[in-house]
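FYI, it's all coordinate maths here, none of it is from the lab. Note that the coordinates shown come from a computational prediction; the quantities given were computed from them, not determined experimentally. Virtual Cβ from ideal backbone geometry, glycine too; neighbours counted across all protein chains shown.
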Amino acid sequence: MGLKKTAFCLLALMPSTALAASPEIDTGDTSWMLVSTALVLMMTIPGLALFYGGMVRKKNVLATVMQSFAICCLMSVVWMMAGYSLAFGTGNAWIGDLNRFFLNGIGEHISKGTDVGFTLGAGSGHETVMTIPESIFMMFQMTFAIITPALIAGAFAERMKFAAMMVFSLLWSLIVYAPIAHWVWSPLGWLAGLGAVDFAGGTVVHINAGVAGLVAALVMGKRHGYGRDDLAPFNLTYAVIGASLLWVGWFGFNAGSAVGANGRAGMAMATTQIAAGSAGISWMVVEWLKAGKPTVLGIISGAVAGLVAITPAAGFVLPGGALLIGLIAGAVCYFTATILKHILGYDDSLDAFGVHGVGGIVGALLTGVFAYGPLSATDSDPVGVTGSLHQVLVQAEACAVTIVWCAVLTFILLKLVDMTIGLRVSHAEEVEGLDITLHGERIG
């Protein structure tokens, strides 16, 4: 399976005209990617901040919102300093080099006011020519690097020290996230070379964040009062607003991953909407049948599960496949988030693993089932990525590699942080609430 079947169309599935021509800026592609970058940033702040903030108790709302906002600030700097270079520097099959350390040389394509495109993996023999400035590509990828560790925070909500969260997020982004992004989305990445596909982050973002969240929940243990006290969400209105912002921002996440204003972006947008809607209905119906009532928390969780599941598939499947992916993801994620979690006894506070980890796995595997070749076909690969048993097995291998790498390294990092500055707030601080004990503020 050649490198042309790499997961991300922006890396190996660009139109043949872009691959053959000189790297010139396309203003339509550039405009769409500017908009998409802003949409994906909106997913974290304010989207995820409100989504998570609305689902915790009143005494922890500000601390939870602070986590998303602080991670956005931190990852912006870390990505600029080293993250981007490690993920997308030429390097080798395992990690990028430091040719873009501190974004060195990223302005070289601008000469006397004239922009030209750039070549990803230049000099490697597996070059991918882009029709957008490298600064925009770097920024688009930065928004992915921002939201991924922010998602993890949902699993340890209401009990991790703020300093520990910041240190862990910094280390995790460089040691766990950047290598996996390189393996899957770099022209040289070894998982891409196997033929694994991930259009917009099923493995790199969602499985990665979900598994890290599960490990964090296991290492830190349950919240005090879990299973005994009332841990109901403080304000589901906040959560609905946050979920709605996530849904709208997801069009930048998925349709933006076409890296151009083209038909594939349009299809990715359509499949994203259909999967989100069908998963919301699926979760709601299953919950209605089991619990007797459809809940607001249930339908927004189901829609997010559908958005997660369609992410790796968005640019590879047709609307019918998206419908089935959403229906399956909604039901499966309902089971893992509401039943399996209690059977196994772990406290994944806001279901980072139950929705993102499991939804990402479902979507990655079903991509191998429903992939429609012409959507990803190029002159050099006229068949494209087509659903088959072989593709499912390759997808499963990529999922397994991501799970193992993330679980092992996340566990080590958490233990290192715990041995140095400690992971968890004290019992008294947790009972009083993180808003006042960690930040000296509270909601009136």
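A few notes on this one:
- Under the span-like rule (Cα at least 30 Å along the axis, Kyte-Doolittle mean at least 1.0), DSSP H helices of the chain: 389-420
- Region 117-149: chymotrypsin sites (Phe, Trp or Tyr not before Pro) in DSSP coil with no more than 13 other Cβ atoms inside 10 Å: none
- Pairwise Cα distances in region 286-444 exceed 28 Å in 41 percent of cases.
- Gaussian network model of the chain, springs between alpha carbon atoms under 10 Å - residue of 161, 58, 290 with greatest fluctuation: 290
- Exceeding the 23 Å Cα-Cα cut-off - candidates 58/415; 59/415; 59/290; 58/161; 59/222: 58/415; 59/415; 59/290
- Dimensions of region 158-209 along the principal axes, based on C-alpha atoms and rounded to the nearest Å, stand at 40, 18, 12, largest first.
- Residues whose amide H comes within less than 5 Å of that of residue 424, counting only those at least five positions distant or on another chain, are 161 (H built at 1.01 Å from N in the peptide plane).
- FRET efficiency for residue 335 and residue 108, using Cβ-Cβ distance with R0 set to 45 Å, rounded to 0.05: 0.30
- Between the C-alpha center of region 192-262 and that of region 325-362 there is a gap of 11 Å.
- Contact order, relative form, for region 3-439: 23 percent (alpha carbon pairs under 8 Å, 6 or more residues apart, mean separation divided by residue count).
- When peptides 208-216, 291-299, 27-35 are sorted by average Cβ neighbour count within 10 Å, with the highest value leading, the order is 208-216, 27-35, 291-299.
- Relative contact order, percent, region 196-283 [alpha-carbon distance under 8 Å, six or more residues apart]: 25
- CD proxy at 222 nm, helix term only [per DSSP H run n ≥ 4: -39500 (n - 2.57); per residue of the chain; nearest 500]: -17500 deg cm²/dmol
- At the listed q of 0.12, 0.13, 0.14 Å⁻¹, the Debye profile of the chain, built from one uniform point per Cα, gives log10 I(q)/I(0) equal to -0.92, -1.09, -1.26.
- When the chain is treated as a GNM with alpha-carbon contacts under 10 Å, the residue of 45, 281, 343 showing the greatest mean-square fluctuation is 343.
- Among 288, 190, 79: highest mean-square fluctuation, GNM of the chain, C-alpha pairs under 10 Å: 288
- Computed from point charges on the beta carbon alone (+1 for Lys and Arg, -1 for Asp and Glu), the dipole magnitude for the chain about its Cα centre is near 860 Debye.
- Peptides 300-306, 99-105, 242-248 ordered by packing proxy, namely the average of other Cβ atoms within 10 Å per residue, highest first: 300-306, 242-248, 99-105.
- Between residue 318 and residue 408, the simple spin-label model (points 7 angstrom out along Cα→Cβ) gives 4.1 nm.
- Protection-proxy order for peptides 322-328, 173-179, 416-422, 254-260, each taking the mean of Cβ atoms within 10 Å per residue, highest first: 254-260, 322-328, 173-179, 416-422
- Ellipsoid equivalent to region 46-203 - semi-axes via the Cα gyration tensor, in Å: 32, 17, 13
- The slack in the chain from residue 393 to residue 122, taken as 0.36 nm per residue of separation less the alpha-carbon distance, amounts to 94.5 nm.
- Each of 380, 288, 252 was placed along the dipole of the chain (beta-carbon charges, centred on the mean Cα), and the one lying farthest toward the positive end is 288.
- Cα-based radius of gyration for region 233-342, normalised by 2.2 N^0.38 Å, reads 1.07.
- You can think of it this way: the chain between residue 419 and residue 69 has 123.4 nm of extra reach, that is 0.36 nm per residue less the Cα-Cα gap.
- R0 of 30 Å, Cβ-Cβ distance residue 77-residue 400: FRET efficiency to nearest 0.05: 0.40
- The base-10 log of I(q)/I(0) for region 300-384, evaluated at q = 0.14, 0.15, 0.21, 0.23 Å⁻¹, reads -0.49, -0.54, -0.85, -0.96 [Debye formula, identical scatterers on Cα atoms, solvent excluded].
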